[in-house]
Amino acid sequence: MASQKLTEYERQRLENIKRNAEMVAALKLHSKAATLSAATAKRHRTKTYKTSPEKKPKTETPIVIRRSLRTRGMPPDSKGLPDDFSDNFDKTPKSVSVIKPQSPRVLGPISMVDAFSGDDETESNKMLVGTILSIAKETQVGVSVKDVKDEIFSEKGALGSCKSEGFESLGTEKVDESLSGKRKLVKGVVKNEYLDSLVKIEKSDQWLESLDLKPENVARLLPGRIMVVKFFPCSSVRMIAAGNKFGNIAFWNVDSNNEKEDGIYLYRPHTGPISGILIHQHSMSKIYSSCYDGFIRLMDAEKEVFDLVHSCDDTIFSLSQQPNNSETLYFAEGRGGLKVWDIRTGKSSKNWMLHEDRINTINFNSQNPNIMATSSTDGTACIWDLRSMSGHKLKTLKTVSHSRAVHSAYFSPSGSSLATTSLDNKVGIISGVNFEDACMIYHDNWTGRWLSSFRGIWGWDDSYIFIGNMKRGVDVISPSQKRSVMTLQSPEMSAIPCRFDAHPYEIGMLAGATSGGQVYLWTPC
């Protein structure tokens, strides 16, 4: 049978189909669609903590079918209500005493296995304890922490220094030579210039632009808002500790290859918001933590226990230690009080009232540990000299005033400057020989009630301050330029980072924690 002759419409339709097919083949849409679907299937899984579901015992409740007296063939109950029913009804609520629930706080040591949250607590706890003990052993037996830090700084290029015995001036040629080595971290040229003991550093924007947030460096460590995030002060293992508002403390071994646990270990040694975590470089197997419930606990990895160090009825808002003294704790207790605790005797050696309201942060000068800075909700940040604080004669070296609460006050790595962060949308920079120079830089610090307050921290020198941004970024403030010079952003960030910590020995490694329990780890490319 002869094929029918195509009409003009059908011939034009076939030509359009052929032309469209050639166009799709030229654009390679099918191959791109296949590549996109494969990439979607292999999307990186976000690391998260593991929790064991609460197993509720099965109770068989008998089914009771209600039947009236009439259907059961019984006579009606003709007694009725008693005559004094109304009187008894009025008196009953007043006579019943309200039973208060008992506090879940444990006034004593808590085993790490009992405090662990997750499946296979015994095996997971052993893995974390082994990692911490190996880190502590390497620090004590191997090269000293100071030597490691000096070696890293010499390899990567000194990002800042000050005129003191513990630092050595590096020229531009030496920095350029270090940048051409195996570990190319700082891509810009760094120049150190000294002028009246102040740090003056010039740096290209390429170094900051090299910071990157990779998908494998994003993890959800805790449920709820993170209050504190800290790096372990070691260079062999990248380990992070964080505490949330529910009393949980999580440890994240970033270098862990354990796919089951993702290197995340979750504990609950406290019952309220964590206000401080201390990991001293000379005793990393002993980690102190403070809480709003008035407790300070010591996580001893050797004994595998959260021991009770101090308990009180007041709230503990912050916790700190001098960099050269691991036997003394400084913590803020109640409204404006600061207590000095001797770990060896287990007693308080000093107790001062420094502010009119709660103390949010306690920080010590790295070059002179006798110089201390405190920030308070009363709207001030103060610098103190511990050598002159005796009795009731308390006099500050410097008082910085803000119009709203001051949530942080941190000394720069060189100790020559102080950075404050306040709810009045200002970041204060106090510098000078006697901290006489002060400037205020505008920054939106109004986080609201659902986010942790912003606390700007110094980087690895005196050049930049890192602080959270309400648009899901990290603002980088230059004290010399008195403004924000750039913002670190990444599509991997799904929440606002509020609390930060810079790795003390890995230059360019920055950890940011959110109010949703996530931790972002920025690293150089």
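Roughly what would the spin-label model give for ASN434 and LYS395, points 7 Å off Cα along C-beta, in nm?
Result: 1.2 nm between the two label points.
Where Rh denotes the Kirkwood radius from the mean inverse Cα pair distance, what is Rg over Rh for the stretch 422-525?
With Rh from the inverse mean 1/r over Cα pairs, Rg/Rh is 0.96.
Per residue, how much accessible area does the stretch 406-463 show when a 1.4 Å probe rolls over the protein heavy atoms, in square angstrom? Present the calculation step by step, with values, prior to reporting the outcome.
On the way: 2050 Å² over 58 residues.
Per-residue value: 35 Å².
Using only the Cα atoms of the stretch 215-307, build the gyration tensor, take square roots of its eigenvalues as a ≥ b ≥ c, and label the shape rounded, prolate or oblate: rounded if a/c is under 1.5, else prolate if a/b is larger than b/c, else oblate.
Here the stretch 215-307 falls in the oblate category.
Quick check: net charge around VAL305, other residues with Cβ under 15 Å of its Cβ, Lys/Arg +1 and Asp/Glu -1?
-1
Suppose the chain between ARG404 and LYS482 were pulled fully straight at 0.36 nm per residue; how much longer would it get relative to their current alpha carbon spacing? All intermediate terms of the calculation are to be shown ahead of the outcome.
Numbers: separation 78, 0.36 × 78 = 28.08 nm, distance 2.05 nm.
Contour length minus Cα-Cα distance gives 26.0 nm.
Is the C-alpha gyration tensor of the stretch 236-393 telling us rounded, prolate or oblate? Criteria: a/c under 1.5 is rounded; beyond that, a/b larger than b/c is prolate, otherwise oblate.
Note, shape of the stretch 236-393 comes out prolate.
Given the convex hull over the Cα atoms of the stretch 320-384, what projected area results after averaging over all orientations, in nm²?
With the hull built on Cα positions only, its mean projection is 4.0 nm².
Show me the ranking of peptides 265-272, 341-348 by mean Cβ neighbours inside 10 Å, starting with the highest. Could you put the intermediate results ahead of the total?
On the way: 265-272: 22.8, 341-348: 12.6.
Result, highest mean first: 265-272, 341-348.
Give the relative contact order (percent, whole number) for the stretch 342-399; include only Cα pairs under 8 Å separated by 6+ residues.
Values: 76 pairs, mean separation 13.7, N = 58.
24 percent.
Which percent of the accessible heavy-atom area of the stretch 319-443 goes to carbon and sulfur, probe 1.4 angstrom?
Carbon and sulfur atoms account for 46 percent of the accessible area of the stretch 319-443.
Which shape class, rounded, prolate or oblate, goes with the stretch 218-262 when its Cα gyration tensor gives a ≥ b ≥ c as root eigenvalues, a/c under 1.5 marks rounded, and past that a/b bigger than b/c marks prolate?
Oblate shape, in that a/c is at least 1.5 and b/c is the bigger or equal ratio.
Just subtract the alpha-carbon distance of SER210 and VAL113 from 0.36 nm times their residue separation and send over the number in nm, one decimal.
Stretched fully, the SER210-VAL113 segment lengthens by 30.8 nm.
Find the accessible area per residue for the stretch 284-327; the probe is 1.4 Å, ligands and nucleic acids are left out, and the unit is Å².
Computed with neighbouring chains in place, this is 35 Å² per residue.
In this model, which of LYS230/LYS303; LYS47/LYS303; LYS350/LYS398; LYS47/LYS126 are farther than 24 Å apart at the alpha-carbon?
LYS47/LYS303
Expressed in nm², what is the orientationally averaged projection area of the convex hull enclosing the Cα positions of the stretch 310-453?
Computed as one quarter of the Cα hull surface, the answer is 9.1 nm².
The values are calculated or read from the model by the stated rules, or taken from the named source; none is laboratory data. Everything numeric in this text was worked out from a predicted model, so none of it was measured. A quick note on method: Cβ atoms are made from the backbone with ideal geometry, for glycine too, and the neighbour counts reach across all protein chains shown. Note: areas computed on protein heavy atoms with side chains; ligands, DNA, RNA excluded. Shrake-Rupley method; radii C 1.70, N 1.55, O 1.52, S 1.80 Å.
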